Structure formats: structure tokens, C-alpha cells
Amino acid sequence: MPGFTSSPVPTDGFAVRSTESVPESGGSLRLTLLMSGSCLPVLGAVLLAPVVPKLQELFRTVPDADVLVPLILTIPALTLALVAPLAGVLIDRLGRRIPLVVATVLYALFGTAPLWLDSLGAIAASRALLGVAEAFVLTSCTTLIGDYYAGRARNRYLALQTVCATISATAFFILGGAMAASDWRAPFQLYAIGLLLAPAMAAFLSKPGPGASADETLTVGHRPSSAGRLAGICLLSVFGGIVFYVVPAETAYLMNGLGIQSSALIGMVTAIASAATVIGTVIFASMIGRPERRLAAIFALCAAGFVLISLAHNVAILLFGTFLNCIGTGFLLPTLLTWAMSKLAYRNRGRGTGLWAASFFLGQFLCPLALLALKSVTGHLTTAVGALGLACALVAAGLLPLLLRKTSPQETLQA
């Protein structure tokens, strides 16, 4: 990975004076480790999806099993959302690397715990603790990307983070299903990968400061509106998390509504949708200019996909709707993240990243609940998806003023 000169990083109220090159020693390995670490929370989210029916059958006599078994799949995301802000604060105070290495080891320990646990309650508790480790891993990796890189390079690698997570989600889903065919415990073995990553992270992830922070610690005052701006981005990211997770979470139910029960066909449609997300993210990485200026168009694209899904009366239209929507979500995630990152200086990048991660994952957790609420009002899942499409269109209209916002000299340099 070639070196580059760090362009000024625009942060509200921070003057940018240095043009020092970001050290690139071991850059390719460093980037690989950061991308691998960013995929670990995805492993927690999708690996066990094929196991849930077996767990439901195995623990059918346990009180409240119908609640606890689904929680095994979803509770890491909820815990991540709750803990990520605290993780960000600690990362800013303690540094990035040590919390990342410790959390990666704990990720392996908590992730593999169900290999020897027999109690459903204990398994659920281990999954909650896994979410705590995931919060530190994801926040640390994303913060380090913000520390190491600036400008277009930062945008490109944050987009690559999304690509890696999306591709790995599909791979982990397939791998988890194959391993679970022999034993429901088998997929938990994959969490041991943390024990391989942790030593490499300790050895090859260099400390970002003080050079990485030099550009951002020379201040000429801090605009009081910066916290409000980040809060607005985080609020929008909650909605973005809901939008992002609809197709992965609901495709099977939507296809069942069309009378399609074939797991192979459902899997094919889901895989195509995942590919669309990757395509959208790759296109994002190749574009220049301020990413947030594209948000109105992105939400409009997601809205169009939702409307097509709600009107679908056959698989072809449903497939096109999911593809169109996921092209939009492929743009959406890196756009929201890079926008949030552009508002953060080194000294508060950890807590800001933690708040953003909490917002987005909270949206993912709320997605099924939001659709359930809309379904109770509209009477049907497809109508609920159409209502969400209308909400996306309204958000797109509300974001149109971003197209008219003037670009500062620092933002021009960053783009």
C-alpha cells in the first residue's frame, strides 16, 4: 500500500497545519488486521442463524426458551449498541491498541464458551459478554482507521471495511450452516480466531500518536455546534441502521409471503442482495467529493427499492427491489460513517466512533421491532416495508439542504 501525504482533516473548530506523511511501515498487514478485526462482530451476528432451529428444539423444555433462543442470536448486537459509547471513552483515555488486543482475546473466550456450557441461560449470558468484547473491537478498529488515514484514503478504507464485513457475513452464514449440520456446537469453534488475531494486533499495529494526532491538536477554538452535528448524524444513523437491516432480516418472510418456501431460492436472493451492497460500497470508494451530499439520493434509492418490494407479486420484482435497495445501503453505511468521522479530532475520535457505532447497531436491533409495529398498523409485512419506503423518501427530502451547503477550504482539500 503506497504512502501518501496526509491532507488536512476537517473537524469542527480544529485548524489543520501539518502535512506530515502518515507512516506506512507494514501498512498492508496493518490494514489486513484492521479489516479482519472489523469482521469479528459480523461473525457474532450471522454465524449462529442456521443453529437457531436446532437450539429451539434442544431447549424446548426450558422455561422461556422461545424468548431466550432468539436472544442468543440478537443480544450481542444490543450489547454492542449499549457498550460502544463507553468503549469509545475508554479508548480515548487508554489508547487504541491495548483495549483492542484485550477485547479480541475476550472475544475468543466468550465466543467459544458455549462449547462447554449446557445451560441456556449461561449461553445467553456468554453471548451478552461477547457483545461487550465486540463493542471494543469494532470501535477500536474503526477509530484506528480514522487515526492512520485521512481524506480520500480514509473514505476508501472505511468503505473497504463495509465490503469486508458484507462479504464475510455471507461466508460466515454458509460456513455456520455447514458446520452446524453435524453438531450445533461446532460453529462456536470459529470464535477462536480471536486468539490468532490478538498477538498479531499487538505486534504489528503501531501506536498512532503523536504524529497521527499532530494535525488535529493545534486548535483555534472549538465550535459549540460540533456536538450537536454529531448528535444529528447519530440520530440519522439509527434510522440508517433500520433501513440497512430490512432486506437481510426480512427477505425470507417476504418470499414466504409470495408462497416460496425453497431455502435454496431464498438463499440465492439473499446472496444477490448482499452482492448489491458490496457493489454500492465499491462505487462509493471510487467517488470523490463530500459523501454526505449524496445522502438525499441514497435514501431516495433505498425508498425506491422498498416501494418495489411492497408492490412485488413475483420473485423477479422482489429481487429487483432488494437489489436496488441494497445498492443504496451499500452507499449508506460508509457515507454515514465517513461523515461522522470527519467531525472528530484525534482526542475525541474514540468516543465519537463509539456513539456512531451504538447508533447504527441500535437501528439494526430496532429494525424487526419497527417493522412489527408498522405491520400491526398496516396489516401486512409488504405494506409495512412500503411505509418504511415512504419514511425514506421523507428523510431524503429533508436532507436536500445538504446539497446547497457551501464547501469549506478544508473540506475541498479532504475530498
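A few remarks follow.
- With respect to the stated conditions, Leu144 fails to be farther than 21 Å from Pro70 by Cα, touching a Pro at 6+ places or on another chain (Cβ under 6 Å) and either in the same structural domain as Pro334 (by TED's automatic domain parsing) or in a helix (DSSP H, G or I) (or both).
- Qualifying residue in the stretch 318-327 (condition: assigned to a helix (DSSP H, G or I) and at pLDDT below 90): no
- Criterion: over 29 Å from Leu336 (Cβ atoms), surrounded by 16 or more Cβ atoms within 10 Å (Cβ to Cβ) and either modelled with pLDDT of 80 or more or among the polar types (S, T, N, Q) (or both) - qualifying residue of Met201, Met179: Met179
- Test: residue in the stretch 25-42 that is assigned to a loop (DSSP other than H, G, I, E, B), at pLDDT below 80 and loosely packed, with under 14 Cβ neighbours inside 10 Å: yes
- Inspection of the stretch 247-268 identifies at least one residue that is crowded, with 19+ Cβ neighbours inside 10 Å, among the polar types (S, T, N, Q), out of contact with any Gly (no Cβ under 8 Å at 6 or more places or on another chain) and not in a loop (DSSP other than H, G, I, E, B).
The values are calculated or read from the model by the stated rules, or taken from the named source; none is laboratory data. Nothing here was measured: the structure is a model prediction, and the numbers come from that model. Cβ: placed from backbone, ideal geometry, glycine included. Neighbour counts: every protein chain shown.
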